[in-house]
Amino acid sequence: MGFLYLGLGIPYFFWRKHKHAGFIILYGLTFFFANFGPNTTTFIVPAELFPARLRSTCHGISGATGKIGAVVGAVGIQRAWGSSGEYNEGDPDSKLKPMRAALVVLGAVCFLGTVVTYAFTPETMRRSLEENEKERETESDGPAVAL
């Protein structure tokens, strides 16, 4: 997804000037990979990682956090860059610069999200939910600390 956003953002002025069909194809692929990648970490991985007694609550919190991040990314950043009033009437590309910057930053955020996900998400492949639950219980069975 990050490569697709960079492929849309870096040559953005070329895409706009030539009305190329490649832009539509790349943009369509971002929707495919959005459901294939980040949605997995928002909906499937939490169902495997959270303890059974808290699973539905934590799953809801995880989903809500993903939605809040999407709103901030889609609306907040574009508004912040688009409402700066720095449009130059003599330069027709000045209105396109915020969109180009948003696409490039979005590509960078995708790469950052990949690194964070791989660094902080434990591997659950080839293990049942019960095995994950038992592993968590044995990890938390340390010496009790009296306060």
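The values are calculated or read from the model by the stated rules, or taken from the named source; none is laboratory data. Only a predicted model underlies this, so the values are computations on that prediction, with no experimental measurement involved. Backbone-built Cβ (ideal geometry, glycine too); neighbour counts: all protein chains shown. We work out accessible area using only protein heavy atoms, side chains counted, and drop any ligands, DNA or RNA first. Shrake-Rupley method; radii C 1.70, N 1.55, O 1.52, S 1.80 Å.
Express the relative contact order of the stretch 1-64 as a whole percentage, based on alpha carbon pairs under 8 Å and six or more residues apart in sequence.
Numbers: 28 pairs, mean separation 17.5, N = 64.
With pairs under 8 Å counted, the relative contact order is 27 percent.
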In order over the stretch 45-52: 3J(HN,Hα) from phi, Karplus 6.51/-1.76/1.60, θ = phi - 60°, whole Hz, x for each Gly or Pro, gives 4, x, 5, 8, 8, 6, x, 4
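Anything over 25 Å Cα to Cα? Flag those among 17/95; 17/67; 67/95, in the order listed. Intermediate results must be reported in sequence, preceding the final value.
Working: 17/95 13 Å; 17/67 33 Å; 67/95 27 Å.
Distance filter (> 25 Å) returns 17/67; 67/95.
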Packing-ranked peptide list from 95-101, 38-44, highest mean Cβ count within 10 angstrom first, is 95-101, 38-44
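Give the accessible surface of the stretch 1-42 per residue, rounded to a whole number of Å², with probe radius 1.4 Å and ligands, DNA and RNA excluded.
Result: 66 Å² per residue.
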